[in-house]
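Shown next, in structure tokens, is the structure this report addresses.
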Amino acid sequence: MNKKLSLPLEGIRVLDFCQMWAGPHATEWLSVMGAEVIKVETSSRIDYMRTVGAPPGMAGKGPNVGSAFASLNWGKKSITLNMTTPKGQELAKKLIKLCDVVAENFGGGVLERWGLSYEEMKKIKPDIIYYAGSGYGRSGPHKERPAYAEIVDAFSGATFSNGYPGGEPNVIGVSPWTDGAQAIHGAVAMMTALYYKQNTGDGQYIDAAMIEGHANFLGEMVMGYIINGAVGQPVGNRDAFMAPHGCYPCKKTGDEDEWIALAVADQKEWEALCKSMGNPDWTKNDAFRDEPGRWENQEELDKYLSEWTRQYGAYELTERLQKAGIAATPSFSTRQLTHDTHISARGFFKKPLHPVLGDKVLAGLPIKFSDYAEGNYQTPPLLGEHNDYVFGQLLGLSQDEIRRLTEEKVLS
Amino acid sequence: MTPQALSNVKVIEFSDFISGPYCGKLLSNMGAQVIKVEKPGLGDKARSYGPFPQHIPHPEKSGLFLFLNTNKSGITLDVASADGLKIFQELIKWADILIEDHSVKEIERLGLTYAALKKINPSLIMTSITPFGQTGPFKDYKGNDLIAAHAGTEGFGNPDEGVKDPASMPPLKVPNHAADFMCGLTAAACTLGALLGRKNGGQGQHIDLSKQEAVASITRQQLAYYSVMEETPSREWGRKKFGGFLYPCRDGYVVIWIGPHYHLVVKMMGDPDWSKEEMFANPLMRNNYIVELNQLITAWTLEHTAVEINNLALEYGVPCSLVRSVKDLIADEQLAYRNFWQEIDHPVAGKLKYPGAPFKLSTTPGIINRPAPLLGEHNDIVYGEILKYSQEQLTKMKQAGII
């Protein structure tokens, strides 16, 4: 039978204990692709992100004000369940029976304390996929170390190589970059395990360490050390071969500074760039004649080029260079990107229609399938919004039981 | 034999450098059969990029290429020739997945649009990676790692602390082709979603992966801040209010994450009198006075070595790390304990240590059991055994420069 799916992960259910950034964004990928992701929180210990990035005047006003949370939890369902109570643990076990995946990114040992180690979970649901996300992994001498994106960046060598040529190291921004990598590696890991489960019926345990994903992201630098003993250094916007290859000032056409990033890949593109500039005298300088020359003299080259770029707005210049066959883009601020017509035309931003956040746009996920719906962009859930659905419909508790368990602070 | 999660999945990788190949690597290291299609002659751009031993270029010794193409088979094919196109179409019939990173116009020119390939293989999943996506006013624009970082706001936002002179210090791309890697990773997540959907009763699928969107998706929290808090971003020094901060020490740098750990941080510093000041009484106050707070912490970190601070942090449970180079990462005891690194022997590059799987799956661990292919190494196997061409036909194709 060829049933028509509206989204690819329809029918898959996830019990999601993840908090903060990397964990929630990993399960957000599954949620937007159609899985039913049930997020478990306790009123006394909500996901911290629920409070982060509140609209003006709303800071500190309850668990539903965080735009950070909203942007990391599209389409999920939210329940409140006090996991420190025996009844709470019993209900969690009943939910696990209905799930394909359990995901968590606590410091080690939390689920074990609730009687939900992987071994215990397998007794309840033999084919369960258990995703454990952490900074350093769930085994080894560093397994207890607290980790955040910026800490792992420093640990792995990314901060060391992030900066201006010859300058100091810098924290990578503006996003928690390594959290992003960890999240999507996590989504890939869970979907790989789901595929295996669909083929064989077997679940498994996933131990995803940020440092191991990051050692892959830094594969080029890792191999550089292994092959040559080179530890790398900050090179700014530069490339190992191309020049010009950088970010240059533009004319301010609005409220904010404007910059353009551009890269010249070969001689043909260099000539196209020269033509675009009207072949000024400095381009005929012997130092800039060929690729090695331009690379050797790129500091000087960048100075000349900046004098030219600063006469134009970033959009105007991007269009002109791209038409000439040169890779270029405005270096967007978050504000500029939010107002950009290209990315908006593609529907990247979505309106959450959220009772607190209103219809302010949030980033969607970079998922575009030809033959599925655009994604599960249901409003990011209010705390406990789906208690009735999950405990009533899925677990079959009566309204009276739900009321009683709420009063007894189990569903809380 | 150790089972592999994707062992029955067949992939054609028709893409260059980092994004497409990292997507292919995530599949090949989980057992998928990946055939990498390279252009005859030079092959993949990563072959000429390095790093090379003693910095001497050699197409079989590029560290980047060796790393990105483990477990793959490699063939050469001139897809632009009429015979090459025919062979490529036969490969498409064989495949579950095509990963490609050509411009929209180039794919049209080659006759390899999704509409055309779907006719040959209706259940094909085609993952197209382009700088700005398949639609919209910028769809034909060129790009690379630098362009993706800046187009997706990660350039404008880097460094995180802001800069001391915003006029002379331009927005900065993330280091080490990190944007290209992020795009490849994102493409793999989309591809696996489509694969699961197909297994689930869904159809073949075209995936339109925009590198700009893949990067912008990572800055979602800051995009939300602009949208909801009406916070106008700036590049001024000191803009960062929370998260991990970089502190100079007597002999280097450490990063410390204060956040909810303020009391541990000040305890580690010996509970100085200033730490009890009203201005640092709660998280909101500390955010307002973060510049002052960091100045006070810096005065302390400057009196200590990075290792001293890191040891104290470990003792007090403060999230902290030395700012280390990749050398220390490779020597780290944690990764050794977890058997992360894998030694792989390559016929030309020799025995080298490689990063292992980015996550550990207990039943189907990612295992690298083959080095990256030599240029055209698997022509005979792929064309002979899979597509059933005769030796005579193969010789002719070689002479014509098609393979």
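The values are calculated or read from the model by the stated rules, or taken from the named source; none is laboratory data. As the structure is a computational prediction, the values presented were derived from the model and not from experiment. Note that we place each Cβ from the backbone using ideal geometry, even for glycine, and neighbour counts take in every protein chain shown. Heads up: the accessible areas ignore ligands, DNA and RNA and are worked out on the full protein's heavy atoms, side chains in. Shrake-Rupley method; radii C 1.70, N 1.55, O 1.52, S 1.80 Å.
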Filter the stretch B:327-343 down to the residues that are at the interface with another protein chain (Cβ under 7 Å from one of its Cβ atoms) and within 20 Å of A:Gln233 (Cα to Cα) and list them by number. B:Lys327, B:Leu329, B:Ile330
Mind telling me which of the residues B:Ala187, B:Ala216 ends up being more than 7 Å from chain A (Cβ to nearest Cβ) and touching a Leu at 6+ places or on another chain (Cβ under 8 Å)? B:Ala187
Qualifying positions in the stretch A:336-358 - open to solvent by 50 Å² or more (accessible area, probe 1.4 Å) and among the basic types (Lys, Arg): A:Lys351
Of all residues in the stretch B:344-399, which are free of Cβ contacts under 8 Å to residues at least 12 places away in the same chain and closer than 29 Å to A:Ser139 by Cβ? B:Lys351, B:Phe359, B:Ser362
Top-ranked residue in the stretch A:177-198 [being at the interface with another protein chain (Cβ under 7 Å from one of its Cβ atoms) and open to solvent by 10 Å² or more (accessible area, probe 1.4 Å); ranked as farthest from B:Tyr22 (Cα to Cα)]: A:Gln198
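Show me the helices (runs of 4 or more DSSP H) found entirely inside the stretch B:292-403 where at least 1 residues are closer than 25 Å to B:Lys93 by Cα, of a type in the set (Val, Ile, Thr) and modelled with pLDDT under 95.
The helices (runs of 4 or more DSSP H) meeting that bar are B:391-399.
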Per-region count, the stretch B:3-15, residues more than 12 Å from chain A (Cβ to nearest Cβ) and surrounded by fewer than 23 Cβ atoms within 10 Å (Cβ to Cβ): 1
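Hey, among the residues in the stretch A:205-233 that are in a loop (DSSP other than H, G, I, E, B) and more than 7 Å from chain B (Cβ to nearest Cβ), which one's surrounded by the most Cβ atoms within 10 Å (Cβ to Cβ)?
Taking the candidates together, the pick is A:Gln233.
If you take the residues of the stretch B:30-46 that are of a type outside the set (A, V, I, L, M) and farther than 21 Å from B:Lys398 by Cα, which of them is least open to solvent (accessible area, probe 1.4 Å)?
Residues of the stretch B:30-46 that are of a type outside the set (A, V, I, L, M), as a first pass: B:31, B:33, B:36, B:38-41, B:43-45.
Checking the rest, the ones that are also farther than 21 Å from B:Lys398 by Cα come to B:31, B:33, B:45.
Values: B:Gly31: 20, B:Gln33: 78, B:Lys45: 74 Å².
The residue in question is B:Gly31.
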Please state which of the following conditions A:Pro352 fails to meet, knowing it meets all the rest: (1) at pLDDT 95 or above; (2) more than 7 Å from chain B (Cβ to nearest Cβ); (3) under 21 Å from the mean Cα position of the chain (by Cα). (1)
Test result for B:Gly143, open to solvent by 10 Å² or more (accessible area, probe 1.4 Å), at pLDDT 95 or above and within 7 Å of another protein chain (Cβ to nearest Cβ): yes
What residue, of A:Tyr136, A:Tyr164, is out of contact with any Gly (no Cβ under 9 Å at 6 or more places or on another chain), assigned to a loop (DSSP other than H, G, I, E, B) and either farther than 20 Å from A:Ser44 by Cβ or open to solvent by 40 Å² or more (accessible area, probe 1.4 Å) (or both)? A:Tyr136
With the condition kept exactly as written, say whether any residue in the stretch A:60-71 is in a helix (DSSP H, G or I), away from chain B (no Cβ under 12 Å) and free of Cβ contacts under 8 Å to residues at least 24 places away in the same chain. no
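Of the residues that sit in the stretch B:194-212 and are farther than 17 Å from B:Glu100 by Cα and within 7 Å of chain A (Cβ to nearest Cβ), which one is surrounded by the most Cβ atoms within 10 Å (Cβ to Cβ)?
B:Gly202
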Does B:Ala148 satisfy the criteria of being within 18 Å of B:Leu223 (Cα to Cα) and more than 7 Å from chain A (Cβ to nearest Cβ)? yes
